[in-house]
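The values are calculated or read from the model by the stated rules, or taken from the named source; none is laboratory data. Small disclaimer: the values here were computed from a predicted structure and weren't measured. Positions of Cβ are generated from backbone atoms using ideal geometry, with glycine treated the same way; all protein chains shown enter the neighbour counts.
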Amino acid sequence: MCDQTIKNLVTGQAIRFIETNDNSLEIQSTYLPFSVEPPIHYHPFQDEYIQVVEGELTIRMNGEINVYRQGSLIHIPKNIRHSTWNSGFRKTIVNWRVEPAMDTAVFLRTMARLSNEGATDSKGRPSLPVMVYLLKRYGKTYRLEQPAYLVQQLLYILLFPIFCLKKFNSRFNNP
């Protein structure tokens, strides 16, 4: 998987996979100027390490917003609610590592594919049923802060018949 690049045509974010193994996933991510803040989320079993290579990265973490410039090193421990985006005038490039890797690469590819197929809104977010399915499927690597995790689980149960009718299992298990 080394040195493969995907691009989300809706958000403009490019992700180049540098290295992946069971212990870690390392990518280089490019954000366009004034990118949209993604939903606040957390990783229940993973730590994130980010180095700003070029430009500046805005991070909302624990309710505070900070801007990190070139050379900054940021550690986001597991279970810390956060979001990252570029609020500056120039593109931002970061090296990003997550430990352990788990299925983060598959999740990133799936989100880019959905956006590129026109299956998201203008912010790159899929429809509610698709998002609920993905939150269940990738719940060990990625969880939204809102709605609460229990509500997400209840939504999954309520929407399960739709997932079966629309064959979500086969649709989203082959990124």
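The residues in segment 1-58 that are of a type in the set (Gly, Ala, Ser) and in a loop (DSSP other than H, G, I, E, B) can be counted, and the count is 4. Of the helices (runs of 4 or more DSSP H) lying entirely inside segment 109-175, the ones with 1 or more residues being among the aromatic types (Phe, Trp, Tyr) and modelled with pLDDT of 90 or more are found at 128-137, 149-165.
Residue pairs whose Cβ atoms lie under 6 Å apart, sitting 6 or more positions apart in sequence or on different chains, and linking a residue in segment 44-61 that is among the polar types (S, T, N, Q) to a partner that is buried (at least 19 other Cβ atoms within 10 Å of the Cβ), are 46/98; 58/85.
Among the residues in segment 93-105, are any β-branched (Val, Ile, Thr), under 17 Å from residue 15 (Cβ atoms) and not in a strand (DSSP E or B)? Yes: one or more hits.
For every residue, the table says whether it meets (1) in contact with a helix residue (DSSP H, G or I) (Cβ under 6 Å, 6 or more places away or on another chain); (2) among the hydrophobic types (A, V, I, L, M, F, W, C); (3) assigned by TED's automatic domain parsing to the domain that holds residue 42.
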position: 109; (1), (2), (3): no, no, no
position: 112; (1), (2), (3): no, yes, no
position: 136; (1), (2), (3): yes, no, no
position: 157; (1), (2), (3): no, yes, no
position: 164; (1), (2), (3): no, yes, no
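In segment 24-31, the condition of being under 19 Å from residue 109 (Cα atoms) and either in the same structural domain as residue 131 (by TED's automatic domain parsing) or without any contact (Cβ under 8 Å) to a residue 60 or more places away in the chain (or both) is met by no residue. Against the list (1) in contact with a Phe, Trp or Tyr (Cβ under 6 Å, 6 or more places away or on another chain); (2) buried (at least 17 other Cβ atoms within 10 Å of the Cβ), the condition residue 20 fails is (1).
Can you confirm whether segment 95-109 contains a residue that is farther than 20 Å from residue 43 by Cβ and of a type in the set (Gly, Ala, Ser)? No, segment 95-109 contains no residue that is farther than 20 Å from residue 43 by Cβ and of a type in the set (Gly, Ala, Ser).
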